[in-house]
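Working notes, structure below.
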Amino acid sequence: MRILIVEDEEKLAKSLKKGLEKEGYAVDYVTDGESAERRIEIHSQDYDIIILDLMLPGKDGSVICKNAREKNITTPIIILTARDEVEDKIGALDCGADDYLVKPFSFEELLARLRALLRRPEHNLPTELRTQGLSLNTNTRKAFCMLCGGTEILLTLKEFRLLEYLMRHPNEVVEREQILSHVWDFNFDSFSNVVDVHIKNLRKKLNHNNHDEKILETVRGIGYRIKA
Ligand code: CA
């Protein structure tokens, strides 16, 4: 899952990025309204969630949010507001945001809200993702092999996020670039073989648990597919 943070307090942006990366999210941040709007317009397909501060230099968060919705960009948006007044909260939701957090907020609450947003129907995301022989708990971040009595498959955080992304698109051919842009941040370019390396390791672990290799299929020249 890839997150865009729009926050002009760079210290806060950096610490959120660091904390979210520890949870396995891929994170980019921008610190002013104009770059935020550009980034969202051009790259909205790459982001699974946008965390958007209201008070920003260049352009207000609520305007950015409103403009994005007018352009039919449906990426979930969490607004960060420093004001705890009812009308500010209503304003945040009315500009088209999905949720808001009042500063200062606890990091744990932000994580819970991110999980909740990612569970929404348009993302088709229950807490428990299941495919043929595999079960993934997105809250506890554990993966289990159902063909071998529910044995846990020990994955690194990045492998987990990769498998999670694939399992959220069952039976779909997911392109390499699509994986790269949703599981890794802006610093990885498409010439990097980071996706292939992680797929290789992931497949090894899945096969280690006596899975049919076809559970994680390679579609030559295009990408990868997980069977539902
Ligand atoms: Ca601000």
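The values are calculated or read from the model by the stated rules, or taken from the named source; none is laboratory data. Quick caveat, the model's predicted, so the values are computed rather than measured. Glycine also receives a Cβ, built like all others from the backbone with ideal geometry; neighbour counts cover every protein chain displayed.
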*Considering every residue within segment 45-55, establish whether at least one is in a loop (DSSP other than H, G, I, E, B), within 16 Å of the ligand (Cβ to nearest atom) and at pLDDT below 95.*
yes
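Every residue, every condition in (1) loosely packed, with under 14 Cβ neighbours inside 10 Å; (2) closer than 27 Å to P170 by Cβ, yes or no:
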| residue | (1), (2) |
| --- | --- |
| D46 | no, yes |
| I51 | no, no |
| K71 | yes, no |
| I77 | no, yes |
_For a quick check of your reading of the model, give me the residue pairs whose first member lies in segment 12-33 and is over 25 Å from N67 (Cα atoms), whose second is surrounded by fewer than 20 Cβ atoms within 10 Å (Cβ to Cβ) and at pLDDT below 95, with beta-carbon atoms closer than 6 Å and at least 6 apart or on different chains._
G24/L157
*Which one of the conditions (1) more than 15 Å from the ligand (Cβ to nearest atom); (2) surrounded by fewer than 20 Cβ atoms within 10 Å (Cβ to Cβ) does A26 fail to meet, given that it meets all the rest?*
(2)
*Does segment 3-15 include one or more residues that are touching a Gly at 6+ places or on another chain (Cβ under 9 Å), over 19 Å from L101 (Cα atoms) and either of a type outside the set (F, W, Y) or not in a helix (DSSP H, G or I) (or both)?*
no
*asked:* Given the criterion touching a residue at least 60 places away in the same chain (Cβ under 8 Å) and assigned to a helix (DSSP H, G or I), identify the matching residue among L180, L147, L202, L162.
replied: L147
_S106 vs. criteria at pLDDT 85 or above and either more than 13 Å from the chain's Cα centre (by Cα) or hydrophobic (A, V, I, L, M, F, W, C) (or both)_ = yes
*When you go through (1) more than 16 Å from the ligand (Cβ to nearest atom); (2) in a loop (DSSP other than H, G, I, E, B); (3) touching an Asp or Glu at 6+ places or on another chain (Cβ under 7 Å) one by one for G58, which number turns out not to apply?*
(1)
*Taking the stated definitions as given, is I78 within 16 Å of the ligand (Cβ to nearest atom), part of a strand (DSSP E or B) and at pLDDT 90 or above?*
yes
*Scan I64, I77 and give me the residue that is of a type outside the set (G, A, S) and in contact with a Cys (Cβ under 8 Å, 6 or more places away or on another chain).*
I77
*Out of (1) of a type in the set (V, I, T); (2) within 16 Å of the ligand (Cβ to nearest atom); (3) in contact with a helix residue (DSSP H, G or I) (Cβ under 6 Å, 6 or more places away or on another chain), what's the single condition that is false for I40?*
(2)
*Looking at segment 81-119, which of its residues are in a helix (DSSP H, G or I), among the charged types (D, E, K, R) and loosely packed, with under 14 Cβ neighbours inside 10 Å?*
E87, D94, E108, E109
*In segment 19-27, is there at least one residue being of a type in the set (F, W, Y), within 11 Å of the chain's Cα centre (by Cα) and not in a helix (DSSP H, G or I)?*
yes
*For segment 138-169, how many residues are surrounded by fewer than 16 Cβ atoms within 10 Å (Cβ to Cβ) and under 25 Å from S181 (Cβ atoms)?*
4
*Given G19, G96, which one is away from the ligand (no atom under 14 Å from the Cβ), modelled with pLDDT under 95, in contact with a helix residue (DSSP H, G or I) (Cβ under 7 Å, 6 or more places away or on another chain) and not basic (K, R)?*
G96
